[in-house]
Every structure is written in C-alpha cells, then in structure tokens.
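> Quick one: this structure, given as structure tokens, is what I'll be asking you about.
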Amino acid sequence: MENSQVDACSCASCAAEGVSAQAIPAQAGGFAWKRELLFLGLSAGIFTLGLLSADGRLLYVRLFPALSPLLFLSAYFLAGRDVLLGAARSIIRGRAFDELFLMSVATLGALAIGRYEEAVEVMVFYKIGEVLQESASARSRASIRALLALRPATVRLRRGGAWVIADPDRASAGDEFMVMPGERVALDGEVIEGECFVDASALTGESLPRSLGPGSEVLAGSVALDGSFTAVALKPASESAAARIAGLVEAASRSKARAARMVTRFAAVYTPIVVASAAALAFLPPLLFPGQSLADWGYRALVLLVISCPCALVVSVPLGYICGMGGMAKRGILVKGAETLDALTKVRTVVFDKTGSLTTGEFGVLAILPEPGFGEDELLSLAAAAESRSRHPIAASIRKAAASRGLSVGTEDEASGIVDRPGAGVVALVGGRRVAAGNDRLLHLEGVLHSCADRGAAGTTVNLAVDGALAGRILVGDCLRADAARAVSRLAALGASRAVMLTGDAEGPALAVAAALGIEELAANLLPQGKLDYLDAVVRETAALGGTTMFVGDGINDAPALARADVGAAMGAGSDAAVEQADLVLMTDEPSRLGEAVARARRTRRVVIQGIALVLSVKAAFLLLGAAGRAEMWEAVVADVGVALLAIANALRARR
C-alpha cells in the first residue's frame with residue numbers, strides 16, 4: 001500500500017505546512033512511480049545522446065550544429081520541470097527563497113554560460129534523489145497508513161428482518177450488525193449473540209486474540225478469527241475506535257515539531273544570505289581585481305548555490321520525526337504531533353490520575369479476611385449468594401470473584417427472603433442460615449459484635465455476619481494495573497524523578513495505591529478544578545527547572561489537566577474527551593509504555609540532531625571548496641544528493 005509522500009519538488013512547503021497522511025490515494029503511488037521513472041529514463045537517454053553529439057561521434061551533428069544544445073535543453077526540462085514549476089509557484093506565493101529557487105538559479109545560470117552538461121547533471125541527480133526520498137518517506141509511513149485502513153468499506157446490517165450489505169456510515173447507534181469469520185469489524189458494539197476470538201492487535205498492539213461472547217464489547221478494526229457474532233452498534237461509524245485512531249494519525253501527520261519549524265525558518269533566512277553571497281562571489285572579485293574572469297567567478301558562485309541547497313535538511317528533519325512517530329504507532333503508542341516528541345525528551349515530572357490510569361477503574365476483590373471457623377471460599381460463596389439480586393458494582397465484583405474460583409455465582413434460588421437495607425447492605429437466608437452483608441451500620445442493625453473496619457483501607461469493606469456472628473470481611477476496591485509499579489520505576493530511571501498522584505477518591509484508597517507504587521506526593525478528594533490548580537503549580541515548578549510535565553489520565557474530568565500539561569497522555573479505552581485533549585494515547589492501556597515513549601522520543605531527537613550535524617558539516621566543507629574553485633558543479637551535485645541520502649538513511653533509524 002502506498003503512503004503519503006514528501007513531494008520532493010515542494011519539500012520546503014511540505015515542511016512548512018505538514019503532509020496529510022491521506023493526501024495520496026492508496027493506488028495513486030504506482031502510476032506516480034512509473035511516470036517519474038519514465039521521465040527520468042527519457043531525460044537520461046536524451047542526455048546521453050547530447051553527450052555523444054557534443055563529442056562529434058554522431059556524424060549528423062555536422063548538419064545540425066544546434067542538435068547537441070537542443071538535446072541538453074530537452075533533457076534539462078524533462079528532469080527539472082518539477083523544480084522549475086515549484087520555484088515559480090513559490091515566487092508567486094511570496095516564498096521565493098527556498099531550495100527550489102537555489103536549484104533553478106544555479107542551473108539556469110549554468111545554461112547561460114554554456115555549461116549545458118552540468119545543468120542537466122544537477123537536475124538528473126536531483127531527480128534520482130527525489131525518487132529515493134519519496135521511497136523512504138513512503139516506507140516510514142507504512143505503520144501510520146495501516147491504521148487508516150482499519151475500517152472496512154461495508155457492514156452487514158439487519159434491516160426489516162433480513163441482513164443487507166451497507167455502507168458503515170449509514171449505521172446508527174442501536175443497529176444490529178453481523179460479523180463473519182475473517183471479516184473486519186466495522187462498528188464499535190456489544191455482542192448479543194455468538195462467540196469467537198478476535199484479533200485486535202491493530203488497535204491495541206496485543207498479540208493474543210480476545211475472546212468475545214454475549215455482553216462483550218468489540219471495537220471497530222478488530223478481525224473475527226474463528227466464529228461469527230451479532231452485535232448492537234454502540235455509536236456511529238464516525239465515532240468508532242478506528243475513526244478516532246484515524247483522526248489521531250491525521251493530526252500527527254499534519255503536525256510539525258519546533259525543530260522542523262526551526263529548519264523552515266533557517267531556510268528562509270539562509271537562502272537570501274546564500275544568494276547574496278553568491279552574487280558577491282560572482283561580481284566583487286572581477287570588479288575589485290581587474291583581469292579576473294567574470295565567467296570563472298560566476299561559475300564558482302553557481303557551484304556555491306548548488307552546494308548550499310537546504311533540501312537535505314527540510315526533508316530529513318521532518319522525516320526523522322515521522323519515522324519516530326511511525327515506530328511508536330507500531331507499538332500502540334499514538335503521538336498526535338512531533339511537538340510532543342520534543343516535550344517527551346525533557347519530561348522531569350509525571351502526574352498520574354489514579355482511577356483508570358494506575359488502576360483498572362473496575363471494582364475487584366482485593367482481600368478476603370475470614371474469621372476463625374470460616375474459609376475464604378465459604379465466605380465468598382455466602383456473600384455472592386446474598387448479593388445475587390443486587391446490581392451494585394460491589395456486588396458484581398463479589399460474584400465475579402466467586403466465578404473466577406469456580407464457586408457458585410450466587411443464583412437467586414440459592415438465597416431466599418432477601419431484604420435490602422438502604423445505605424447499609426442486604427440480609428438473606430442462604431442454605432438455612434441468616435447472612436448479612438454490608439457496612440458497619442448493618443452490623444449494628446443486626447446486633448453483631450465487631451470492631452470497626454479500618455477506615456484507611458485501600459477499598460470498601462463488606463462485612464459478613466452468619467446467624468448473628470461476624471464471619472469475616474471482604475475488601476473490594478479498584479485494582480492496580482499489573483504494570484503500574486513498573487511504569488513509575490521506569491520513568492524515574494529515565495529522569496522523571498518526581499511522581500505525583502491526583503485523585504478525586506478518598507484519602508484512604510489513595511494512600512494505599514500510592515504506597516504500593518512508591519509515590520510519595522499525592523492529593524486526594526480533588527474536584528476537576530482542584531486537580532487543574534495543583535497541576536498548574538507543578539508545571540510551573542518543573543518548567544523553572546528546565547523540564548516538562550506529563551499528566552496521565554483517562555476520564556472526562558481529566559480533560560482540562562490533559563490540555564494544561566506539557567504532555568497529556570491518555571489511555572485508549574478512556575473517555576472521548578480525554579483522548580481528544582491528549583497529546584499521546586496508549587492504545588494498550590499499559591502505563592509502562594510511558595517509559596518506552598520517553599525513551600523512543602529521546603532516540604528520535606538524537607537521530608534528528610545527528611542528521612542536522614551531518615548535513616551542515618558536509619555542506620560547510622564543500623562551500624569552502626566551491627568558493628576556492630576546487631569543486632566542480634557535478635561534484636557539488638553528487639555531494640548534495642549524497643548528504644541528503646545519508647541524512648534520510650539516518651532518519652530511518654528512528655523507526656527502530
């Protein structure tokens with residue numbers, strides 16, 4: 001699949017305006033390659049004939065003295081048409097001083113002094129470099145373009161009792177759709193019938209298939225592997241997970257880092273200086289020193305213009321960032337813009353929201369604490385039976401824990417006489433025994449002797465009493481993400497030594513989570529405005545030390561903080577508002593990927609700086625040689641194309 005490319009005939013404008021990942025249709029690349037290779041081949045062939053004619057090896061050149069110049073001019077315009085047209089467009093738009101202008105002036109000047117061969121060589125070498133640049137740019141965007149193809153073109157919808165093939169854009173929330181084995185899911189939905197495994201690696205980066213069944217949520221872009229299922233659409237296609245990813249990728253392709261803008265500004269100042277220097281080199285020596293040849297110094301000035309072409313910079317720097325973002329996208333780390341990569345390199349403080357970022361955001365059984373005479377499984381089974389009719393999240397987490405142990409999930413016929421005690425808990429008869437499950441207030445109402453549960457516990461305590469005696473406690477709370485501790489420690493190892501946790505949760509659960517992860521600074525019971533105010537102070541303190549601040553969140557209430565931080569990082573399964581405001585999205589919902597993002601951003605930055613240093617050092621050396629008359633124009637062309645290719649090869653390292 002062809003990807004959007006850096007148009008070599010207008011790479012300065014590409015660097016200034018960004019390149020859309022959807023700018024070139026998927027099938028357009030094949031024709032473009034054939035056309036460019038055709039023109040390049042024709043130009044090279046005509047150029048060869050021109051060389052033979054100039055050497056007198058073709059007898060009919062004697063009959064047509066102008067044949068050789070005509071052949072050279074034909075080859076010149078075939079190879080350089082894009083450069084000349086691009087320079088003309090830039091002049092019309094008021095952006096005359098770019099590398100296309102330099103190329104045009106240098107080659108037209110060479111034609112004016114009769115150096116036809118070298119003018120053609122400049123354009124031919126430039127065209128070769130252009131083709132290779134397009135190839136490199138296309139490969140660097142392969143992983144990003146793949147994300148834009150996640151949504152299939154059709155979906156099987158239920159219409160009037162029959163299944164019809166339709167455009168996904170015609171589907172609405174609530175519509176039923178069917179997915180057959182091997183098909184890609186077109187809509188986000190909830191499975192209502194059927195079971196199968198789906199491959200969601202393109203969305204999440206997870207290599208293991210996911211199991212789906214009734215009640216499971218399925219995301220657009222997943223692929224059904226071994227079965228079919230029917231689901232209800234949760235949202236229209238334009239709001240699906242795949243559509244959200246496509247939007248993020250498009251934003252990333254249009255964004256440009258400070259370094260890239262710096263190169264554009266550099267070219268805008270650099271080009272007039274080069275043109276003025278070339279003019280001075282051409283005219284001042286003949287004027288100041290009689291006897292000096294204007295043609296000789298003019299030629300040196302033209303060589304200087306060719307060497308000075310900043311194309312290697314304005315192509316390789318943005319390409320380096322594109323490669324870095326593409327490599328991160330393949331790992332499930334979507335970066336909205338290259339500015340984010342720059343900010344990531346200087347992260348010194350990481351501020352975490354607790355729920356949904358460091359924890360899963362779902363209730364789970366954290367601990368089972370039975371009293372003497374009771375076992376953990378017995379206590380859990382009694383609680384599940386008593387809570388069998390409750391739809392409270394805590395009750396659901398207890399039933400889920402019982403099922404995970406192979407125990408009864410608490411069917412309604414296992415418990416009778418169930419009585420809800422609002423604000424306290426529930427009482428039921430389970431196997432002929434009176435079971436009370438709830439908080440301390442329920443125990444007081446039941447007259448059960450007990451000690452008060454620890455109010456600083458990491459979660460909610462469900463007390464169990466059987467026949468009027470305390471049977472034990474079940475601690476239910478938000479479970480830590482499996483790699484949360486590894487995320488905090490790795491970020492610290494990378495220089496983000498200050499870790500802060502902000503949460504709207506109570507202080508007890510917040511303290512427990514912070515202690516488990518080694519986070520010493522936290523603030524609990526915060527409303528969104530309080531969270532934003534605290535973060536604002538942290539950002540200012542970190543900026544005063546020369547660093548940047550990353551905020552990690554996933555909820556709607558985190559959106560303001562994500563927008564305020566230097567780098568806002570959101571979980572891919574978080575709210576749409578959080579994903580929209582974030583600069584970086586973790587599609588795998590693994591906070592440990594934050595450390596990987598920082599490390600990859602720093603590597604990308606190093607690669608870009610190395611490329612800039614390489615280009616400038618080579619150009620400086622050849623500028624001196626050209627001004628001294630020690631470099632021919634063809635050598636300048638080879639040097640310019642060569643350093644551009646080296647810079648591009650260096651930029652491709654950022655993909656790894």
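The values are calculated or read from the model by the stated rules, or taken from the named source; none is laboratory data. A quick note: this is a predicted structure, and the numbers were derived from the prediction, not measured. Neighbour counts run over all protein chains shown; Cβ positions are idealised from the backbone, glycine included.
> Tell me, yes or no, whether segment 579-602 has at least one residue that is under 17 Å from the mean Cα position of the chain (by Cα), of a type in the set (D, E, K, R) and modelled with pLDDT under 80. I'd like the intermediate steps shown before the answer.
Applying the first criterion (under 17 Å from the mean Cα position of the chain (by Cα)) to segment 579-602 yields 579-602.
If we keep only those that are of a type in the set (D, E, K, R) too, we end up with 580, 583, 589-590, 593, 596, 600, 602.
Still in the running and modelled with pLDDT under 80: 580, 589.
Yes, because at least one residue in segment 579-602 is under 17 Å from the mean Cα position of the chain (by Cα), of a type in the set (D, E, K, R) and modelled with pLDDT under 80.
> Right, another one. If I ask for residues that are assigned to a helix (DSSP H, G or I), in contact with a strand residue (DSSP E or B) (Cβ under 9 Å, 6 or more places away or on another chain), surrounded by fewer than 21 Cβ atoms within 10 Å (Cβ to Cβ) and at pLDDT 90 or above, which ones from segment 541-566 would you list?
GLU541, ALA543
> Which numbered condition in (1) among the small types (Gly, Ala, Ser); (2) more than 27 Å from ARG600 (Cβ to Cβ); (3) buried (at least 19 other Cβ atoms within 10 Å of the Cβ) is the only one that ALA499 fails?
(2)
> Let me ask something additional. Is there a residue being outside any helix (DSSP H, G or I), at pLDDT below 85 and of a type in the set (Gly, Ala, Ser) anywhere in segment 171-192?
To start, the set of residues in segment 171-192 that are outside any helix (DSSP H, G or I) comprises 171-192.
With the extra rule that they be at pLDDT below 85, the set shrinks to none.
There is no residue in segment 171-192 that is outside any helix (DSSP H, G or I), at pLDDT below 85 and of a type in the set (Gly, Ala, Ser).
> Working carefully through the options LEU334, LEU369, find the one that is outside any helix (DSSP H, G or I), among the aliphatic types (A, V, I, L, M), surrounded by fewer than 23 Cβ atoms within 10 Å (Cβ to Cβ) and on the phi < 0 side of the Ramachandran plot.
On the way: LEU334 fails: surrounded by fewer than 23 Cβ atoms within 10 Å (Cβ to Cβ).
Of the residues listed, the single one that is outside any helix (DSSP H, G or I), among the aliphatic types (A, V, I, L, M), surrounded by fewer than 23 Cβ atoms within 10 Å (Cβ to Cβ) and on the phi < 0 side of the Ramachandran plot is LEU369.
> Here are some conditions: (1) modelled with pLDDT under 80; (2) assigned to a strand (DSSP E or B). SER416 meets all but one. Which one does it not meet?
It fails just one condition, (1).
> Please state which one of LEU470, LEU526, LEU522 is in a loop (DSSP other than H, G, I, E, B) and surrounded by 15 or more Cβ atoms within 10 Å (Cβ to Cβ).
Numbers: LEU470 fails: in a loop (DSSP other than H, G, I, E, B); LEU522 fails: in a loop (DSSP other than H, G, I, E, B).
Unique residue meeting the criteria: LEU526.
> Failed condition for LEU532, given (1) of a type in the set (A, V, I, L, M); (2) touching a residue at least 60 places away in the same chain (Cβ under 8 Å); (3) assigned to a helix (DSSP H, G or I), with all others met?
(2)
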